[in-house]
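Trainee: My structure is below; once you've seen it, I'll send some questions.
The values are calculated or read from the model by the stated rules, or taken from the named source; none is laboratory data. Note that the structure is predicted; figures quoted are calculated from it, not measured. Cβ: placed from backbone, ideal geometry, glycine included. Neighbour counts: every protein chain shown. The area values use the complete protein model at the heavy-atom level, side chains included, leaving out ligands, DNA and RNA. Shrake-Rupley method; radii C 1.70, N 1.55, O 1.52, S 1.80 Å.
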Amino acid sequence: MFKNKQLYFIFTLIGLISILSLLPVTKADLTNSQKANLVALASDLGFDWLGLSNSLPKCGSYSRRSLITCDSTKKYVTGLVLDSSNPTAAPGDRFAPFIYLKQLVIYNSEIDLSKVPSILSHPNLTDFQFYSEFGSRIKLTSSWSSSSLIKSIHTENTYGTIPDFSTSMNYFFISQAPTGSFSPKIQTSLFNPNLIEYSLFVSSTPQSPSSLTQAFLDSATSLTKLELQLPGYSIDFSLFFNLPTVQTLAIIDAVPITKTFPLFSQVSWGSLTSLTLVNLQLTGTLEPNYFFITSLQTLKLNNNPSLSIALSNDIGFLSFIKNLYLEDTNMAGSTVPRNILSNGIKNLYLRNTHLSGALPSVFLCVSESSLIDDGTEPTYLFDNNTFTNYFGPGSPRSCSPKITSIDPSPLRANMSSVVIKGEDLGDSFQIILRNSVDDVATMGCLTTDSTDELFCGNPFLQGTGTLFYRIITDTFPNTTVTFTYQRPSITSVTPAPTLGGFITITGYDLMGKVNAKKSSISIYGKDCTNLKIIRQYEQVSCYYPEGITSNVPISLTVKDLSNDIENSPNFFYKSPLVTSSTAAIPNQNSALTIYGTDFWNQIDMANVSVDIDGNTIPCSITFINHTEIVCTLAPTPFSSGSKNLKVSVNGQESPENKLFEFIDPAFCPNGCNGERCDVGIGFCSCKSVFGPSCSEGTKSVNFDSNSWSPSSPRLKIVSSLNDTMYMTALLKSIVENGAETTIPSWTSIYDNATDSTQYGWGLGYKSINVTIRHNTLVGYDLIGGSTLYYPSNSFVYKVEYSSSIPVYDLQFKFELESNQECSTPPISVAYPTGSNGVGGRWMTIVKDKVKFFSRFPVISNVNGIVSSIQTNRFNANENSTSFFTKVSNSNGLINTVAFQFDFSVMQASNNEVRVVRPVSECIVVPPTLAPTDTPTNPPTTIEIINQEPRSNKPALIGGIVGGVVGAAIVAVGLVFIIRQHSKLNKTKSLLDKKLSELNNNL
């Protein structure tokens, strides 16, 4: 029916899917039989399942410790924990439905396994555990038919008969119940490489105790725990000497054939963490080396009265034992070492040992609860009447605590812990500190492994005073010691504005809180007020009043402790900072206006001078306030370039700035027509009529969605004078330490409120943000200390760079393009006179009657500091003209930079208007040559002042701009490449056509 087999297969598959979709979906669940028996078991043991499904137990149901676990299908119970609420209750024979049960754990239930055949014959049970907390018992039986499957057995309070288990046994634990007939046995076949732990505790002597003399342990190569309580059993003690893998060894109540305690060289017990040899009637002497097994934490040798033991001082230094039980052994003639607790013993049982002499005073200072067996740590048990100075826990004890050191000394406010060392410090105590200004604090401490050392929290009290130490016993023995905190120290202080302001003091052990007693900051006899804590003890701020007296000491006092004035940094007011100035008129008295901060307000305290060609020329001040100075410069001949403008206030000089210039017609033409030639921005500061000389005026631009690109920060400027003429600007790449990175992609977002688009790019630790803003109205931006006014219908192109890894050289490459045409348009770049093409300030390019006007940044913000940048010409040829700003960074590395360009449109004057011919009209006519003529020299390129060389390429302008820290000029570059693209194929076609015409006319 279906000729196409593939089509037949598809229809068949669709049919099967349709049929399957009609079938009922069965959710994975336990069988009804399993559910019913789970309910019945809970009823047997007196608890209710929680976490039910439709009122019935499911995988994951629980109750206290009871829990149901299942296989991955959720259909079969594989693990069952049953926690009986009635210790006399017994579970019924209800385990047959759980055919995949592997682990069964039962708490507090009276069980006779002979009455639960579904356990005895279970086909998959490998782990059986029974725990008795309230006297419940379990009866084992030799008829446990599936016992050979068991790999882990744990039964407490056991009676009956131990069956034979699988030789695959891993974990074995059985302890005898105090009642009920019990037939113990040791199945030696279990001791093979599978066995990891074996514990058998028999509490009563069997009628016919067995002997344990076979070498049954040699094959148990994985054994880590061996515990045997075998009353009446005759054992060969040497069977247990070579146990290199065993970590816990306990032999209790047995009867060794040879009772002499082995020499240390006879045993391999280097892995032991716990050694218990109790009531074995051992004889001989315990060698000291047993105390120094590095892994040994517990040593229990009780009830071996003929075993001689001597305690040496080395135990306090070299032993790692935390629990030492030596009751009912022979220590006759020995004393308790004074340092026995130095390495952290928590349980020390030494009753009935025949010790004598004086009990170390450390035990006389502990609490009474530590001298009785109440189940808490620490516990130290001694005979009541065998020592000369101890007569029982409740008897009076002589305790004289002593503090020998406090570390660190002096205490430090920037450290969180304190270590107190001493003698007889006890284990229950109270520490109170009171300083000289009556501040009181308690100190919380923990005892360390050493009883002579306390690890305490710093109470941050500061000052000097007395530490009171009191032991909590009936007599409250105590001691006192003086303490002192470190005096405050100052590492740095920020300068204050001369008009007054907040300063920041950084150091150590400074104030921790406001209004601390007898704490203050004063400078030159004046208080620094309104204290604020920036970082406790490390950094504070305060308000210091106006003034100009600098290089004076700071006195900082914290709770009667004062800084070392001789070795602390002095305080300074901020030096005057010049941020901008007006240019001077050469060869006549010229009034300079200087802008900045911290100029103060007294003419007689300030001086202004200019460094011109190696001479210092004074400028007589006529007006001064905090941010502005007006001074008169005597007639001075013109000198090109930027000069240092130095302002001095009470001996403090402004940083190097290069913010003085004479009015230069090259970048401030026509004297700015009465407006200011602003050195801070590097050109005329126009407020109403804009243009290079504040007289040209600007024209509107066609602003629409095409003005900027959503995918890259490419600004396109189109004039309403001729909407076919345009210029574009684009940040193309960055150059860091000589390595150029071309920015492949940008993210962007338009902000309607500011009529701007923000572009972003990031690469791990660094990022660049570009903001292109359309200025619909006349406005201004604050650039450094200058006001940069911009016209309406203009654009601002702002660049912000940030890097967590600083660079020493940073450049930004820009690309500006305009229409393709046959010849290069006139391009004017304003350089300072005599600069030889260094330090471009602005540029114009003429297209038809459109004159594009671009102003370059001469200052930037580097690491938060106003810094200058400089544009230098580095390359020129027939196709392009480039500019590059590059100077050394003398004041440090660069993390952040911000600067901006702006762009506007003017109307070209009549003599500037030029016809723009598209490349389609370009015709190249070669010169007529004789057959033997060959050109011997390349054509001469004539550079027109303020006009770039012509070319047959489209106009392309590119630039690199870089930033500088502080007063030094930094590596910043601006490259403007002007180019025009020729359509080579079309030009070649026109040339061929022209040559053909010439040949036809011959």
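Trainee: In µm²/s, what is D for the range 762-866 at 4 °C and 1.567 mPa s, where D = kT/(6 pi eta Rh) by Stokes-Einstein and Rh is the Kirkwood radius from Cα pairs? Provide the component values of the computation, followed by the final result.
Mentor: Details: Rh = 16.8 Å.
Answer from the Stokes-Einstein relation: 77 µm²/s.
Trainee: Near Ser189, within a Cβ-to-Cβ distance under 15 Å, what is the net charge of the other residues, with Lys and Arg +1 and Asp and Glu -1? Don't jump to the answer; show the numbers that get you there.
Mentor: Values: positive: Lys151, Lys185; negative: Asp164, Asp218.
Counting the neighbours of Ser189, the net charge comes to 0.
Trainee: Heads up, I need the accessible area for Ile617: 1.4 angstrom probe, whole protein in place, Å², nearest 10.
Mentor: Probe radius 1.4 Å; accessible area of Ile617 about 40 Å².
Trainee: Considering only Gln34, Asn650, Pro305, whose Cα is most displaced toward the positive end of the charge dipole of the chain, charges sitting on Cβ of Lys, Arg (+1) and Asp, Glu (-1)?
Mentor: The Cα lying farthest towards the positive end belongs to Gln34.
Trainee: Sticking with this one: Tell me, what % of the accessible area of the range 622-759 is carbon and sulfur with a 1.4 angstrom probe?
Mentor: Heavy-atom surface of the range 622-759 belonging to carbon and sulfur, 1.4 Å probe: 49 percent.
Trainee: For the range 354-372 and the range 414-430, what is the separation of their C-alpha centers, rounded to whole Å?
Mentor: Using only Cα atoms to place each centre, the spacing works out to 20 Å.
Trainee: Let me ask you something else. Output the relative contact order of the chain, whole-number percent, from Cα pairs under 8 angstrom with separation of 6+ residues.
Mentor: Dividing the mean separation by the residue count of the chain yields 4 percent.
Trainee: A further question follows. At 7 Å along Cα-to-Cβ for each site, give me the label-to-label distance between Ser189 and Val419 in nm.
Mentor: 5.9
Trainee: Rank Lys115, Lys75, Lys518 by accessible area, highest first, at a 1.4 Å probe radius?
Mentor: Listed by decreasing accessible area, they come as Lys115, Lys518, Lys75.
Trainee: Suppose we keep just the DSSP beta bridges with both residues in the chain; what percent of those would be antiparallel, to 5?
Mentor: Once the DSSP bridges in the chain are tallied, antiparallel ones form about 70 percent.
Trainee: While we're looking at this one, here's another question. Which percent of the accessible area of the range 289-352 is formed by carbon and sulfur heavy atoms (probe 1.4 angstrom)?
Mentor: 47
Trainee: Can you give the calculated 222 nm mean residue ellipticity of the chain, where each DSSP H run of n ≥ 4 adds -39,500 (n - 2.57) and the sum is split over every residue, rounded to the nearest 500 deg cm²/dmol? Walk me through the numbers on the way to the answer.
Mentor: Details: 6 runs with 63 residues, N = 1002.
Value at 222 nm, helices only, nearest 500: -2000 deg cm²/dmol.
Trainee: May I pose another question? Among the listed pairs Lys658/Lys851; Lys322/Lys402; Lys102/Lys139; Lys185/Lys259; Lys658/Lys687; Lys732/Lys851, which are separated by more than 27 Å between their Cα atoms?
Mentor: With Cα atoms farther than 27 Å apart: Lys658/Lys851.
Trainee: What figure in square angstrom, to the nearest 10, would you give for the accessible area of Ser522 with a 1.4 Å probe?
Mentor: Probe radius 1.4 Å; accessible area of Ser522 about 30 Å².
Trainee: Would you list, by chain and number, the aspartates and glutamates whose Cα falls below 16 Å from the Cα of Lys58, excluding same-chain residues fewer than 8 positions away?
Mentor: The reachable aspartates and glutamates, counting only those whose Cα sits under 16 Å from Lys58, are Asp29, Asp48, Asp71.
Trainee: For a Förster distance of 56 Å, can you work out the FRET efficiency between the beta-carbons of Tyr765 and Ser268, rounded to the nearest 0.05? All intermediate terms of the calculation are to be shown ahead of the outcome.
Mentor: On the way: r = 57 Å, r/R0 = 1.03.
With a Förster radius of 56 Å, E is 0.45.
Trainee: Using 11 Å as the cut-off for backbone N distance, which residues of the range 802-834 belong to the label zone defined by a point 7 Å from the Cα of Glu740 along Cα→Cβ?
Mentor: So the set is 813-814.
Trainee: Add +1 for every Lys or Arg and -1 for every Asp or Glu among the other residues with Cβ under 14 Å from the Cβ of Pro393, and state the total.
Mentor: -4
Trainee: Using the Karplus curve 6.51 cos²θ - 1.76 cosθ + 1.60 with θ = phi - 60°, work out ³J(HN,Hα) for each residue of the range 56-73 in order, rounded to whole Hz, and write x for Gly and Pro.
Mentor: After applying 6.51 cos²θ - 1.76 cosθ + 1.60, I find 10, x, 9, 4, x, 4, 8, 6, 6, 8, 5, 7, 10, 10, 10, 6, 5, 7 Hz.
Trainee: Largest first, how would Lys300, Lys151, Lys643 line up by accessible area (1.4 Å probe)?
Mentor: Sorted descending by solvent-accessible area, the residues read Lys151, Lys300, Lys643.
Trainee: Net charge near Asp438, counting Lys/Arg +1 and Asp/Glu -1 over other residues with Cβ under 13 Å of its Cβ?
Mentor: Result for the local shell: +2.
Trainee: Still on this structure: Using 0.36 nm times the number of residues separating Arg65 and Phe623, minus their current alpha carbon distance, what extension gain do you get?
Mentor: 192.0 nm
Trainee: Given the Cα-Cα distance of Glu566 and Thr833 and 0.36 nm per residue of separation, how much length would full extension add, in nm?
Mentor: Result: 90.9 nm gained on full extension.
Trainee: For helix 5-22, report the angle its Cα long axis makes with the longest principal axis of the Cα atoms of the chain; keep it between 0 and 90° and round to the nearest 10°.
Mentor: In the chain, helix 5-22 runs at an angle near 60 degrees to the longest axis.
Trainee: Work out, step by step, the length gained on full extension between Phe292 and Arg351: first 0.36 nm times the residue separation, then minus their alpha carbon distance; give nm to one decimal.
Mentor: Working: separation 59, 0.36 × 59 = 21.24 nm, distance 2.23 nm.
Extra length available between Phe292 and Arg351 comes to 19.0 nm.
Trainee: Then there is this: As I understand it, the value is the acute angle between the Cα axis of helix 984-1001 and the longest principal axis of the Cα atoms of the chain; what does it come to in degrees, rounded to 10?
Mentor: 30
Trainee: Can you tell me the 0 to 90 degree angle between the C-alpha axis of helix 32-45 and the longest principal axis of the chain, rounded to 10?
Mentor: 60
Trainee: In what sequence, highest mean first, do 749-757, 590-598, 625-633 appear when ranked by Cβ atoms within 10 angstrom?
Mentor: 590-598, 625-633, 749-757
Trainee: Along Cα→Cβ, 7 Å out, is where each label goes; now give me the distance between the ones at Arg914 and Ser492 in nm to one decimal.
Mentor: About 5.5 nm, to one decimal.
Trainee: Can you give me the accessible area per residue for the chain, using a 1.4 Å probe, in Å²?
Mentor: Solvent-accessible surface per residue comes out at 46 Å².
Trainee: Something else: Would you compute the Debye intensity of the range 646-739 from its alpha-carbon atoms alone, equal scatterers and no solvent, and pass along log10 I(q)/I(0) at q = 0.25 Å⁻¹ to two decimals?
Mentor: -1.09
Trainee: If you wrap a convex hull around the C-alpha atoms of the chain and split its volume per residue, what is the figure in Å³? Walk me through the intermediate numbers first.
Mentor: On the way: hull volume 382.5 nm³, N = 1002.
Each residue corresponds to 382 Å³ of Cα convex hull volume.
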